[in-house]
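So the structure is just underneath, and the comments pick up after that.
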Amino acid sequence: NAAQFYSDSSSTGTRSLVEVWNDNTSATGTTALSLNQDANQNTLYIDSEATTQTTFKIDSPATTTSAVIQVADADALTTGSILNLYSNSSSTGTRYLVDIHNDHASASGATGIRVIQDGAAKGIFVDQNGNGDGVHILTDLTTAAGLYVEASSLTTGRGAYIYSNSSSTSTRNLVEIHNDHASSSGTT
């Protein structure tokens, strides 16, 4: 090792084993920690045995107009990914593999997920192999659309396409729209 920081202390006191701190707000050209990996190997590897605590945490960032996490110019990609989140857990516990939560009702300009696809490929692809909903939308809105498709540039394409190639003879609906309240007499 070029450097090693090791502790075998059993103390439960709050402390940092290594701390890098730029304490002058005028030092705008200072990067607190820079990693430069020229070899074909991991740049940052984390082996955590924590079970109830976060492995990687950014605590209360003060960022206002930039990105809290940014991967810039991943232009060398061929068959790789910018982000790969994988789980092989057999637990039946309720959880989210990815959780995006805009927690302020006044943040009316915040979009939960934005996908811009300039290539002639899928914008979002869901390969649902388990017996559950491929896409489930639960909405409490009152005046907006639960699902809105704007396809104003269509020529020979479709605004929506639902396809089935099942040979099953069972009774089913490929599309079902169900107004379930008898009092909603103005609903088409």
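The values are calculated or read from the model by the stated rules, or taken from the named source; none is laboratory data. Not measured: the values here are computed from a predicted model. Virtual Cβ from ideal backbone geometry, glycine too; neighbours counted across all protein chains shown. What goes into the accessible areas is simple: the full protein's heavy atoms, side chains included, and nothing from ligands, DNA or RNA. Shrake-Rupley method; radii C 1.70, N 1.55, O 1.52, S 1.80 Å.
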Hey, any idea what the orientation-averaged projected area of the convex hull of region 78-124's Cα atoms comes to, in nm²? 5.9 nm²
Per-residue ³J(HN,Hα) for region 174-188, Karplus 6.51 cos²θ - 1.76 cosθ + 1.60, θ = phi - 60°, Hz, x for Gly and Pro: 6, 9, 10, 10, 10, 8, 9, 10, 5, 7, 7, 6, x, 8, 9
Lys, Arg +1 and Asp, Glu -1 on Cβ, resulting dipole of region 38-160 about Cα centre, debye, nearest 20: 340 debye
Express the accessible area of region 1-78 per residue in Å², computed with a 1.4 Å probe while the remaining protein chains stay in the model. 103 Å²
Modelled label-to-label distance, Thr52 and Ile137, 7 Å Cα→beta-carbon offset: nm? 3.9 nm
Compute the separation of the alpha-carbon centres of region 132-181 and region 41-85 and state it in Å as a whole number. 34 Å
List, largest first, the extents of the alpha carbons of region 1-99 along their principal axes, each in whole Å. 47, 45, 36
Taking the dipole about the Cα centre of the chain, with the C-beta of Lys and Arg at +1 and of Asp and Glu at -1, give me whichever of Gly134, Ala76, Ser11 is farthest to the positive side. Gly134
On the accessible surface of region 37-132, probed at 1.4 Å with all protein chains in place, carbon and sulfur together account for a percent value of 46 percent
Calc'd 3J(HN,Hα), region 68-84, phi into Karplus 6.51 cos²θ - 1.76 cosθ + 1.60 (θ = phi - 60°), Hz, glycine/Pro = x, comes to 5, 10, 9, 10, 9, 6, 7, 7, 8, 4, 10, 10, x, 10, 6, 9, 10
Projected onto their principal axes, the Cα atoms of region 51-113 stretch, largest extent first, over whole-Å spans of 38, 36, 21
Cα-based Rg of the chain normalised by 2.2 N^0.38 Å, two decimals: 1.53
In range of the label at Arg15: residues from region 38-55 whose backbone nitrogen is under 14 Å from the point 7 Å along Cα→Cβ: none
